[in-house]
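A.B. asks: Starting off with a structure, shown below.
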Amino acid sequence: MGSAPAANVREICRARRADGPAAVLAIGTANPANCVLQDDFPDFYFRATKSDHLTGLKDKFRRVCQKLGVQKRYLHHTEELLGAHPEFLDLHAPSLDARLDIAKAAVPELAAEASRRAIAEWGRPAADITHLVVTTNSGAHIPGVDFQLVPLLGLRPTVRRTMLYLNGCFAGAAALRVAKDLAENNRGARVLVVCAELTVLLFNRPEEGCFQTLINQGLFGDGAGAVVVSADPVITTPAVREHPLFEIVSAAQTIIPESEDVIAMHLTKGGYGGNISTRQVPVLIGDNIERCLLDAFEPLGIGAEWNDLFWDVHPGSSAILDQVDAVLQLKPEKLAASRRVLSEYGNMFGVTVIFVLDELRRRMEKGAPEWGAMVAFGPGLTVETMVLHRCVAQGTGAAAPSEDKLTVA
C-alpha cells in the first residue's frame, strides 16, 4: 500500500456522502390488465365464489361497495383463475402454497413493468442503478422479488438490494424513507424503489357474520409503483440531465400507543387472516395526525397552514380521508389526488402513495405549493410522515430551493 498518510475515517465517510437532499427523479406505475368496475364487482364476486344463493349478503355487499369511494380496480385474479383453484373458496382448505405460487410468478413481472416505466422516464441505463429497495405484502419468498428484478431489468449483479416484507399499507413510504438514507449517505447513488401488490392472498368467499371479508374484497386492488431516487442529480449536463420532481426533506415514523390490534394480519393455511378495525382506525388517525405533522415540520423551521401544502395521503379508505380532511380543515381540492387514486385503483397497500405522488405531479401547475407532506398509515398503528419540496425547474433544469418562510400553523 506504500507509505501514504493514514486516512482519516471521518473524512472518508464525509467524502462518501451526497451534498443535497434525496430527490425523486422519476415515477412509474403499472396494473394488471383485468379491470373490474365496482358496480359490477358484487355480481362477479358472488358468481366466482358460487355464492349467488346468499341474496341478502350480496345486497349488503353491494351497499358496502358503494360506500368505499372506489369506482374501479385492477385485479390479477380473474374468474378463470379462481375457477382453477376451488380450494380458494373453502375457508378450511390449505391454499397458501397455491396463492404463493401465483404471487411468485406475477409480482416480479408487475414490479418490472412499473420499474421499466420509471427507468424510461429517468432516461439513463438500468445498469446505472446502484441500490434496489423492494417491498411487498404478497408473498414471502427467498430469494425474493428484489433478486428476480435484477435479470428482468438488466441491473448489475453488484446492485445493493434491500427487501422489505409484510409492512402493510405504510410499506411504500417506508421504502422511500430507506431510499432517502441510502441516497444521502452514498454519493452518486441511484436508488430504485419498487412496491408491488396482489390481493390473491386476501381472496375469500363471503360468509355470514364476516364483515371484514366484505371490506377486503370491495376495497383492495393490485398494482405496482416504482421511483428513482438520488441526492445528487445531474442537472447541468444535457446528455444525461436528470429532472428532480420532489425533494424528500425529512422522513419519520411513529407508533400510535395502544393501537397494536387495530390492524393485524398474519399468514394462515388459507392466505391472509387478521382484522382491520374500520371504526377505530380513522378515529386514531384523526386523533394523532396533527401531532405527527407538527413533529415533522417544526424541527425544520418550516411551519405551515395546512392548506398551504400539497398532500399525498395514503387513501386507505374514504373514511380515513374524510377524517384527515375534518381534523386538518383542508379545502376540498387538497386530497383530490388521493381520492382519485382510491376511486380509480382502490387501496393498493404501500403502492398507493406512489400512485398519488404520480397523480400530484400531473396536477401541479405554476403557482402550486412548493411544500407538501406524504402521510401513510399501516399496522401498528404506524404513521409514516414525509416533508416534501416540489422542485421548480430553472433555466438550467436545476431544482430550485424554496425561499418561502411559512408560519407555524
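A.B. asks: Name the shape class, rounded, prolate or oblate, that the alpha-carbon gyration tensor gives for region 246-390, where a ≥ b ≥ c are the square roots of its eigenvalues, rounded holds for a/c under 1.5, and otherwise prolate holds if a/b is larger than b/c and oblate otherwise.
C.D. replies: It is prolate, given that a/c is not under 1.5 and a/b is the larger ratio.
A.B. asks: What does DSSP give for the chain in terms of the percent of beta bridges that are antiparallel, rounded to the nearest 5?
C.D. replies: If I count the DSSP bridges inside the chain, around 75 percent turn out antiparallel.
A.B. asks: Ordering E370, E359 by accessible area with a probe of 1.4 Å, largest first, what comes out?
C.D. replies: Result of the area sort, largest leading: E370, E359.
A.B. asks: Then there's this: Who wins for biggest fluctuation among V281, V159, V375 in a Gaussian network model of the chain, springs between alpha carbons below 10 Å?
C.D. replies: Largest GNM mean-square fluctuation: V159.
A.B. asks: Among rounded, prolate and oblate, which fits region 1-129 when a ≥ b ≥ c are the square roots of the eigenvalues of its C-alpha gyration tensor, a/c under 1.5 means rounded, and a/b larger than b/c means prolate?
C.D. replies: Prolate.
A.B. asks: Relative to the Cα centre, what is the charge dipole magnitude of region 22-231, using +1 at the beta carbon of each Lys and Arg, -1 at the beta carbon of each Asp and Glu, and rounding to the nearest 20 debye?
C.D. replies: 720
A.B. asks: Check which residues have an amide H placed less than 5 Å from A26's amide H, if you skip close sequence neighbours.
C.D. replies: V228
A.B. asks: For region 277-291, take each phi angle, set θ = phi - 60°, evaluate the Karplus expression 6.51 cos²θ - 1.76 cosθ + 1.60, and give the result in whole Hz per residue in order, putting x for glycine and proline.
C.D. replies: Calculated HN-Hα couplings, in order: 7, 5, 8, 6, 4, x, 5, 5, 4, x, 6, 10, 5, 5, 5 Hz.
A.B. asks: Pick from E113, E208, E298: which is most flexible by mean-square fluctuation in a GNM of the chain where alpha carbon atoms under 10 Å apart are linked?
C.D. replies: Of the options given, E208 has the highest mean-square fluctuation.
A.B. asks: Please list 3J(HN,Hα) in residue order for region 192-197, calculated via the Karplus relation 6.51 cos²θ - 1.76 cosθ + 1.60 where θ = phi - 60°; whole Hz, with x for glycine and proline.
C.D. replies: 9, 9, 9, 10, 8, 9
A.B. asks: Further question on the same structure: If the cut-off is 17 Å between C-alpha atoms, which aspartates and glutamates fall inside it for K334, apart from same-chain ones fewer than 8 positions away?
C.D. replies: Counting by Cα, and skipping residues close in sequence, K334 has these aspartates and glutamates nearby: E290, E305, D308, D312, D322, D325, D358, E359, E365, E370.
A.B. asks: Gain in length, A336 to E121, computed as 0.36 nm per residue apart minus the alpha-carbon separation, to one decimal in nm?
C.D. replies: Here the segment from A336 to E121 would lengthen by 74.9 nm.
A.B. asks: If you add up the charges near D146, with Lys and Arg at +1 and Asp and Glu at -1, over every other residue whose beta carbon is less than 11 angstrom from its beta carbon, what do you get?
C.D. replies: +2
A.B. asks: Here's a follow-up. How large is ³J(HN,Hα) for each residue in region 91-99, as worked out from phi by the Karplus curve 6.51 cos²θ - 1.76 cosθ + 1.60 (θ = phi - 60°), to whole Hz, x for Gly and Pro?
C.D. replies: 4, 9, 7, x, 10, 4, 4, 5, 5
A.B. asks: Among C210, V313, A26, which residue has its Cα furthest toward the positive end of the charge dipole of the chain, with +1 on Lys/Arg Cβ and -1 on Asp/Glu Cβ?
C.D. replies: A26
A.B. asks: Hey, got the dipole for region 246-390? About the Cα centre, +1 on K and R Cβ, -1 on D and E Cβ, debye to the nearest 20?
C.D. replies: Computed charge dipole of region 246-390: roughly 480 debye.
A.B. asks: Want the number for K67 to E290: 0.36 nm per residue separation, take away the alpha-carbon distance, what's left?
C.D. replies: Value of the extension gain: 77.7 nm.
A.B. asks: To continue, here is another question. Counting alpha carbon pairs within less than 8 Å and at least 6 residues apart, what relative contact order, in whole percent, applies to region 127-280?
C.D. replies: Once normalised by length, the contact order is 21 percent.
A.B. asks: Moving on. How charged is the neighbourhood of W306? Take every other residue with its Cβ under 12 Å from the Cβ of W306, and add Lys/Arg as +1 and Asp/Glu as -1.
C.D. replies: It works out to a net charge of -2.
A.B. asks: Along the Cα-to-Cβ line of K104, 7 Å from the Cα, sits a label point; which residues in region 124-159 have backbone N less than 11 Å from it?
C.D. replies: Under 11 Å, as judged by backbone N against the label point of K104, lie 140-144 of region 124-159.
A.B. asks: Mind jotting down the distance between the C-alpha centroids of region 20-42 and region 325-368, whole Å?
C.D. replies: Measuring centre to centre over Cα atoms gives 12 Å.
A.B. asks: List the lysines whose Cα sits under 26 Å from the Cα of K104, skipping any in the same chain fewer than 8 residues away.
C.D. replies: The reachable lysines, counting only those whose Cα sits under 26 Å from K104, are K72, K269.
A.B. asks: For the chain, with a Gaussian network of springs between Cα atoms less than 10 Å apart, report the residue from S338, S51, S138 with the top mean-square fluctuation.
C.D. replies: Per the Cα network of the chain with a 10 Å cutoff, S51 tops the list.
A.B. asks: Now, a different point. When only the heavy atoms of the protein chains count and the probe is 1.4 Å, how do R16, R47, R73 rank by accessible area, highest first?
C.D. replies: From most exposed to least exposed: R16, R47, R73.
A.B. asks: Only Lys, Arg, Asp and Glu count, each charged at its Cβ (+1, +1, -1, -1), so figure out the dipole size of the chain about its Cα centre, rounded to 20 debye.
C.D. replies: Result for the chain is approximately 760 debye, rounded to the nearest 20.
A.B. asks: Just going by the charge dipole of region 22-231, with Lys and Arg at +1 and Asp and Glu at -1 on Cβ, which of C35, V133, A106 is farthest out on the positive end?
C.D. replies: V133
A.B. asks: Can you give the % of DSSP beta bridges in region 22-231 that are antiparallel, to the nearest 5?
C.D. replies: 60
A.B. asks: Another question about this same structure. Please label the shape of region 220-316 as rounded, prolate or oblate, based on the square roots a ≥ b ≥ c of the eigenvalues of the alpha-carbon gyration tensor (a/c under 1.5 means rounded; beyond that, a/b larger than b/c means prolate, else oblate).
C.D. replies: oblate
A.B. asks: What net charge is computed for the residues neighbouring G350, neighbours being all others with C-beta under 13 Å from the C-beta of G350, Lys and Arg scored +1, Asp and Glu -1?
C.D. replies: With Lys, Arg at +1 and Asp, Glu at -1, the net is -3.
A.B. asks: Let me check something: with ligands and nucleic acids excluded, how do L54, L267, L214 order by accessible area (1.4 Å probe), largest to smallest?
C.D. replies: Sorted by accessible area, descending: L267, L54, L214.
The values are calculated or read from the model by the stated rules, or taken from the named source; none is laboratory data. Treat the numbers as computed from the prediction; the structure is a model and nothing was measured. Cβ: placed from backbone, ideal geometry, glycine included. Neighbour counts: every protein chain shown. All accessible areas refer to the heavy atoms of the entire protein, side chains included, with ligands and DNA or RNA removed. Shrake-Rupley method; radii C 1.70, N 1.55, O 1.52, S 1.80 Å.
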